[in-house]
Amino acid sequence: MSRWFFILALWLITPLTSTATPIHFASGTAQSQLLELYTSQGCSSCPPAESWLSQYLAKPYLWQQVIPINFHVDYWDSLGWPDPYASSVFTQRQRAYKALGNTRVVATPGFVVNGRGWHGWFYGKALPILKAKDVGILNLVIDDNEVNARFMPFFSNNDKLVLNIARVGFELTNVIHRGENAGKILKHDFVALSFQKLAFHQSKKFYALSATLSEPVMKTNKQGIVAWVTKDGNPTPIQSVGGFLN
């Protein structure tokens, strides 16, 4: 029996001692669609895209079939308005997709669906519902600031896998004083407020990890979590999961 199997067994059978109730998130066996929006408060064409993304709060299949996340990039920050949610890490992620040939341009607003660029939003098209394939089950337990994760793939794999995990904020409102959106009040949902890449430990049948979550760039009244498995060095999601934390 491997050391990590023993740790996982203890995690599954040992009561957690936190005063808060641990929250459990689990994917199905079929691959969920990770819907990424790359955006900026400095971009005048981005607010309609963010409003469109917010519609998923009312969708009955939110967190099961479609898992949205809103990445604010930093390459607009020097053009009149520094975005408080922007990160160079998100810019690098968008550029990595282009370097792999998964997207054609690095621009805002930019949509990526399960690792491939999608331009249908610009033409008023609905999000494509991709034919889901069975890839494996991703489980998370969030206990205060601690995360325990397990991924059981349905395929043979010797690659190093990582867990990408982000706290996301909802009902965020900002008054914009400069730049292309000067004078507007912008509202945001699904905004990535933190981001981590955590290495899995592999056993014969599954991957597991335990880690401390990084703090968000700001506190919000309504918060969620989005997590997805990728190969190390490749941003394309294999399986994803998400949900509300409060």
At what distance in nm do the modelled label points of Lys59 and Thr21 sit from each other, each positioned 7 Å from its Cα along Cα→Cβ? 2.7
Helix 88-100 versus the longest principal axis of the chain: what is the Cα-based angle in degrees, 0 to 90, to the nearest 10? 80
Sum -39500 (n - 2.57) across every DSSP H segment of at least 4 residues in the chain, then divide by the residue count to get the 222 nm mean residue ellipticity, nearest 500. -4000 deg cm²/dmol
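Using alpha-carbon pairs under 8 Å, 6+ residues apart, how would you state the relative contact order of the chain in percent?
Relative CO of the chain lands at 25 percent.
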I'd like the orientation of helix 3-13 relative to the chain: the angle between its Cα long axis and the longest Cα principal axis, in ° from 0 to 90, rounded to 10. 80
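Under a 1.4 Å probe, what is the accessible area of the stretch 100-230 per residue, stated in Å²?
Heavy-atom SASA per residue in the stretch 100-230 reads 49 Å².
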Expected-Rg normalisation [2.2 N^0.38 Å, Cα atoms] applied to the stretch 59-164: 1.29
Alpha-carbon gyration tensor eigenvalues x 5, square-rooted, for the chain, Å: 31, 20, 16
Top positive-direction residue, dipole computed over the chain with Cβ charges, set Val105, Asn246, Phe170: Val105
Cα gyration tensor category, rounded, prolate or oblate, for the stretch 94-239 with a/c compared to 1.5: oblate
Below 20 Å, Cα to Cα, which aspartates and glutamates can Lys125 reach? Residues fewer than 8 away in the same chain don't count. Glu36, Glu50
Is the stretch 153-246 best put as rounded, prolate or oblate by its Cα gyration tensor, with a ≥ b ≥ c the root eigenvalues, rounded for a/c under 1.5, and otherwise prolate when a/b is larger than b/c, oblate when not? prolate
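The values are calculated or read from the model by the stated rules, or taken from the named source; none is laboratory data. Just so you know, these numbers come straight off a predicted model, no measurement behind them. When we count neighbours, we look across all protein chains shown, and the Cβ atoms used for this are built from the backbone with ideal geometry, even at glycine. Heavy atoms of the whole protein, side chains included, go into the accessibility calculation; ligands, DNA and RNA do not. Shrake-Rupley method; radii C 1.70, N 1.55, O 1.52, S 1.80 Å.
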